[in-house]
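Participant: Take a look at this one; I'll ask things after.
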Amino acid sequence: MAAVQECFISAPGKSILHGEHAVVHGKVALAVSLNLRTYLRLRVTSSSEVSVSLPNIDTFLCWNISVLKPLLSHCTGECRSSTELDTELMRKLREFTGVSDGSTDTRSMAVLAFLYTYLRVFSQSEILPGLKVCVWSELPTGAGLGSSAAYSVCVSAGLLTARGTISSPLTQSQETARWSDEELELINNWAFQGEKIIHGNPSGVDNAVGTWGGFLRYQAGKITPLSNVPTLRILLTNTKVPRSTKLLVSGVKDRINQYPSVLLPVLESVDAVSQICERTLAEMAREGASAKHYSTLEDLIDINQHHLNVMGVGHISLNSLCQVTLAHGLHSKLTGAGGGGCAITLLTPDHPKASVIQKHSPSPEVVCHTTGFFPKAVNITWRKDGEDVNEDVELRETLPNQDGSFQKRSILKVPAEDLQKHTYTCVIQHSSLKEELVLNVIEQQIRGGGGRMPIIVGVLVALVVLVAVVAGIMVWKKKNSGERRKEADVKFSENRFTLSNS
Ligand SMILES: Nc1ncnc2c1ncn2[C@@H]1O[C@H](COP(=O)(O)OP(=O)(O)O)[C@@H](O)[C@H]1O
Ligand SMILES: C[C@@](O)(CCOP(=O)(O)O)CC(=O)O
């Protein structure tokens, strides 16, 4: 396979709905990719140096290839295996970089993971190539959103592409291209090694989401994409309390060893939480979301948050976040390794607020406008003296609001005299309403259910990183690309490359 000289790759972060920590011990986790990504630009150079820029962690390093080559002296035959960590290479790298075994230092971990992958991927090639690599991210580092996995996925995909082990997926005429499942699996395996270096004992769920994207069920290495899921609104809040995944994961292990009879049933219970959640989401997608479904999801969040506290990965900042949201009727839990970092809050359906407006120019018409509702599905119809009106109706597209709710309008063309002679009503049906919302045109009412969400969003806004719509594949947004697109040749969006010439 021909190696490429230059590539631009990105991988998403993730949020775990349920199953963090338990997944390290073979239980089920449910996780979803975020529209926050890590980016890598790699260039093969004719120089004898490998230079790495990691601006998020203030790290800019350069090595001469002649000092790296001896680190591979033990490598013969099987040295390119992507499934097992080469402990001898790790020992040499620790000696070379001066990083101790128990270190959790951000820069050291990132550099070790990069050098390890570089040396192993190119261990069987004639020469170690000169490279210029830059990795940067929209994800907060060490906040539970899988920044280390997104980093490892980008590094693995970039180096494997440069080595020619996986194909360059783009041709000149293509805007998007996909790696094959085999190639994605290879990227994922190598990324898992990177995760082992950074985390110590990862389950593999983070790199799986970073590689495949979308909504996944993960258990003991088995990755199952879940497509039959409803759209949920999840508020993601960063407590900004720093913590180390590596220490938290090993702390849970110690606790299990100390109190197996207490902790093992807790892990079983978390497993059951993930499974009930999965079934509930499938039911919501199949039958439509009901208040009972939401109540189940809220119960599961509360139960799991208690379990995570029992595992010893809670934090006072997370407890107060849960209390603040609960005071407004909303349920939260930590996401990722905990000990600080991020939490998720399930936002509940919102009632539509509605109004009708009469317009006389350019032609007489009435506009029925409804906004602030969630989920997206809504029905707006018109009635004349109680009978449905289907003619002269222009139904506009449902549009998103900034807070994740939606708005929609319907326009009825009707002569002014008809409005005097007949009773026209606009009727709104939405799953959050017990009864349909009926607005009389002449009264020009402004009505609607009282939404509590604006208050909540206001309360949390200082902490909010992102309001994520969590379901299905999160497509990379062009409008957010700004400066990045100018540099972009190739993007890796979930499991796709996207060519960007602008
Ligand atoms: N943008 C980045 N540049 C370099 N290294 C990164 C970057 N993002 C993450 N990392 C590496 O991943 C580590 C964070 O991993 P971890 O503690 O598991 O947190 P997270 O929950 O964000 O994955 C950092 O210490 C660093 O080594
Ligand atoms: C705690 C754990 O379940 C998730 C860790 O996620 P993060 O590194 O905090 O983003 C560990 C793992 O699954 O490897």
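The values are calculated or read from the model by the stated rules, or taken from the named source; none is laboratory data. All values reported here derive from a predicted model rather than from experimental measurement. Cβ: placed from backbone, ideal geometry, glycine included. Neighbour counts: every protein chain shown. The area values use the complete protein model at the heavy-atom level, side chains included, leaving out ligands, DNA and RNA. Shrake-Rupley method; radii C 1.70, N 1.55, O 1.52, S 1.80 Å.
Participant: How many residues are in a loop (DSSP other than H, G, I, E, B), within 11 Å of ligand 1 (Cβ to nearest atom) and at pLDDT 95 or above if we restrict to segment 192-218? Before you say what the answer is, go through the steps one by one.
Facilitator: First pass over segment 192-218, keeping only residues in a loop (DSSP other than H, G, I, E, B): 200-204, 213-214.
Those left that are additionally within 11 Å of ligand 1 (Cβ to nearest atom): 200, 202.
In the following step, the residues that additionally are at pLDDT 95 or above were identified as 202.
Residues flagged as in a loop (DSSP other than H, G, I, E, B), within 11 Å of ligand 1 (Cβ to nearest atom) and at pLDDT 95 or above within segment 192-218 amount to 1.
Participant: Here is a further query. Regarding segment 348-364, can at least one residue be identified that is in contact with a helix residue (DSSP H, G or I) (Cβ under 6 Å, 6 or more places away or on another chain) and under 16 Å from LEU17 (Cα atoms)?
Facilitator: Within segment 348-364, the subset in contact with a helix residue (DSSP H, G or I) (Cβ under 6 Å, 6 or more places away or on another chain) is 348, 350, 364.
If we keep only those that are under 16 Å from LEU17 (Cα atoms) as well, we get 348.
Checking segment 348-364: at least one residue is in contact with a helix residue (DSSP H, G or I) (Cβ under 6 Å, 6 or more places away or on another chain) and under 16 Å from LEU17 (Cα atoms).
Participant: Tell me whether segment 207-221 contains one or more residues that are of a type in the set (Gly, Ala, Ser) and away from ligand 2 (no atom under 16 Å from the Cβ).
Facilitator: If we filter segment 207-221 for residues that are of a type in the set (Gly, Ala, Ser), which is where we start, we get 208, 210, 213-214, 220-221.
Still in the list and also away from ligand 2 (no atom under 16 Å from the Cβ): 214.
Yes.
Participant: Do any strands (runs of 3 or more DSSP E) lying entirely in segment 324-413 carry at least 2 residues that are more than 23 Å from the chain's Cα centre (by Cα), and which ones are they?
Facilitator: Working: elements: 331-334, 342-347, 353-359, 365-373, 378-384, 387-389, 393-395, 406-413.
Counting at least 2 such residues, we get 353-359, 365-373, 378-384, 387-389, 393-395, 406-413.
Participant: Same structure again: Only one residue in SER100, SER147, SER168 is touching a residue at least 60 places away in the same chain (Cβ under 8 Å) and either in contact with a Gly (Cβ under 8 Å, 6 or more places away or on another chain) or within 16 Å of ligand 1 (Cβ to nearest atom) (or both), so which one is that? Explain how you work it out, then say what you get.
Facilitator: Values: SER100 fails: touching a residue at least 60 places away in the same chain (Cβ under 8 Å); SER168 fails: either in contact with a Gly (Cβ under 8 Å, 6 or more places away or on another chain) or within 16 Å of ligand 1 (Cβ to nearest atom) (or both).
That would be SER147, the only listed residue that is touching a residue at least 60 places away in the same chain (Cβ under 8 Å) and either in contact with a Gly (Cβ under 8 Å, 6 or more places away or on another chain) or within 16 Å of ligand 1 (Cβ to nearest atom) (or both).
Participant: Every residue in segment 115-138 that is crowded, with 23+ Cβ neighbours inside 10 Å and under 24 Å from the mean Cα position of the chain (by Cα), please.
Facilitator: Matches in segment 115-138: VAL135, SER137.
Participant: Would you mind telling me which numbered condition in (1) under 25 Å from LEU297 (Cα atoms); (2) touching a Leu at 6+ places or on another chain (Cβ under 8 Å); (3) not hydroxyl-bearing (Ser, Thr, Tyr) TRP382 fails?
Facilitator: (1)
Participant: Which condition from (1) at pLDDT below 95; (2) surrounded by fewer than 20 Cβ atoms within 10 Å (Cβ to Cβ) is the one that ASP58 breaks?
Facilitator: ASP58 satisfies every listed condition except (1).
Participant: In segment 226-276, what residues are free of Cβ contacts under 8 Å to residues at least 60 places away in the same chain and within 28 Å of GLN402 (Cα to Cα)?
Facilitator: ASN228
Participant: When you go through GLN358, GLN323 one by one, which is the residue that is of a type outside the set (A, V, I, L, M), open to solvent by 60 Å² or more (accessible area, probe 1.4 Å) and more than 16 Å from ligand 2 (Cβ to nearest atom)? Steps first, please.
Facilitator: Working: GLN358 fails: open to solvent by 60 Å² or more (accessible area, probe 1.4 Å).
Within the list GLN358, GLN323, the selection yields GLN323.
Participant: GLY26 is checked against (1) within 16 Å of ligand 2 (Cβ to nearest atom); (2) small (Gly, Ala, Ser); (3) open to solvent by less than 10 Å² (accessible area, probe 1.4 Å) and fails just one. What number does that condition carry?
Facilitator: All conditions pass for GLY26, except number (3).
Participant: So is GLY314 crowded, with 17+ Cβ neighbours inside 10 Å and in a loop (DSSP other than H, G, I, E, B) or not? Write out each step before concluding.
Facilitator: Numbers: crowded, with 17+ Cβ neighbours inside 10 Å: yes; in a loop (DSSP other than H, G, I, E, B): yes.
Criteria met by GLY314.
Participant: Can you name every residue in segment 241-266 that is part of a helix (DSSP H, G or I), of a type in the set (Lys, Arg) and within 16 Å of ligand 1 (Cβ to nearest atom)?
Facilitator: Going residue by residue through segment 241-266, those that are part of a helix (DSSP H, G or I) are 245-258, 260-266.
From what is left, the residues that are of a type in the set (Lys, Arg) are 246, 253, 255.
LYS246, LYS253 - these are the residues of segment 241-266 that are part of a helix (DSSP H, G or I), of a type in the set (Lys, Arg) and within 16 Å of ligand 1 (Cβ to nearest atom).
Participant: Within segment 290-308, does at least one residue satisfy the condition of being within 16 Å of ligand 2 (Cβ to nearest atom), in a helix (DSSP H, G or I), open to solvent by 50 Å² or more (accessible area, probe 1.4 Å) and not aliphatic (A, V, I, L, M)? Full working, then the answer.
Facilitator: Here is the first cut: in segment 290-308, the residues within 16 Å of ligand 2 (Cβ to nearest atom) are 304-305, 307-308.
If we keep only those that are in a helix (DSSP H, G or I) as well, we get 304-305, 307-308.
When the remaining residues are screened for being open to solvent by 50 Å² or more (accessible area, probe 1.4 Å), the result is none.
Checked segment 290-308: no residue is within 16 Å of ligand 2 (Cβ to nearest atom), in a helix (DSSP H, G or I), open to solvent by 50 Å² or more (accessible area, probe 1.4 Å) and not aliphatic (A, V, I, L, M).
Participant: Just the residues that are within 9 Å of ligand 2 (Cβ to nearest atom) and outside any loop (DSSP other than H, G, I, E, B), please, taken from segment 127-148.
Facilitator: SER147, SER148
Participant: For SER15, only one of the following conditions fails: (1) within 10 Å of ligand 2 (Cβ to nearest atom); (2) open to solvent by 10 Å² or more (accessible area, probe 1.4 Å); (3) under 20 Å from the mean Cα position of the chain (by Cα). What is its number?
Facilitator: Of everything listed in (1) within 10 Å of ligand 2 (Cβ to nearest atom); (2) open to solvent by 10 Å² or more (accessible area, probe 1.4 Å); (3) under 20 Å from the mean Cα position of the chain (by Cα), SER15 misses just condition (2).
Participant: Let me ask something else. For the condition open to solvent by 50 Å² or more (accessible area, probe 1.4 Å) and not polar (S, T, N, Q), what is the one hit in ARG233, ARG243, ARG255? Step through it out loud before you land on a result.
Facilitator: Working: ARG233 fails: open to solvent by 50 Å² or more (accessible area, probe 1.4 Å); ARG243 fails: open to solvent by 50 Å² or more (accessible area, probe 1.4 Å).
Just one listed residue meets the conditions, ARG255.
Participant: Still on this structure: Looking at segment 107-144 only, could you name the residues that are within 16 Å of ligand 1 (Cβ to nearest atom) and without any contact (Cβ under 8 Å) to a residue 60 or more places away in the chain?
Facilitator: If the condition is that a residue be within 16 Å of ligand 1 (Cβ to nearest atom) and without any contact (Cβ under 8 Å) to a residue 60 or more places away in the chain, then ARG107, SER108, VAL111, LEU115 are the ones that fit.
Participant: Please list, ordered by first then second residue, the pairs with beta carbon atoms under 9 Å, 6 or more apart or interchain, first in segment 23-42 and at positive phi, second open to solvent by 10 Å² or more (accessible area, probe 1.4 Å) and assigned to a strand (DSSP E or B).
Facilitator: GLY26/GLN219
Participant: Here are some conditions: (1) under 25 Å from the mean Cα position of the chain (by Cα); (2) away from ligand 2 (no atom under 16 Å from the Cβ); (3) open to solvent by 60 Å² or more (accessible area, probe 1.4 Å); (4) closer than 25 Å to SER203 by Cβ. THR106 meets all but one. Which one does it not meet?
Facilitator: (2)
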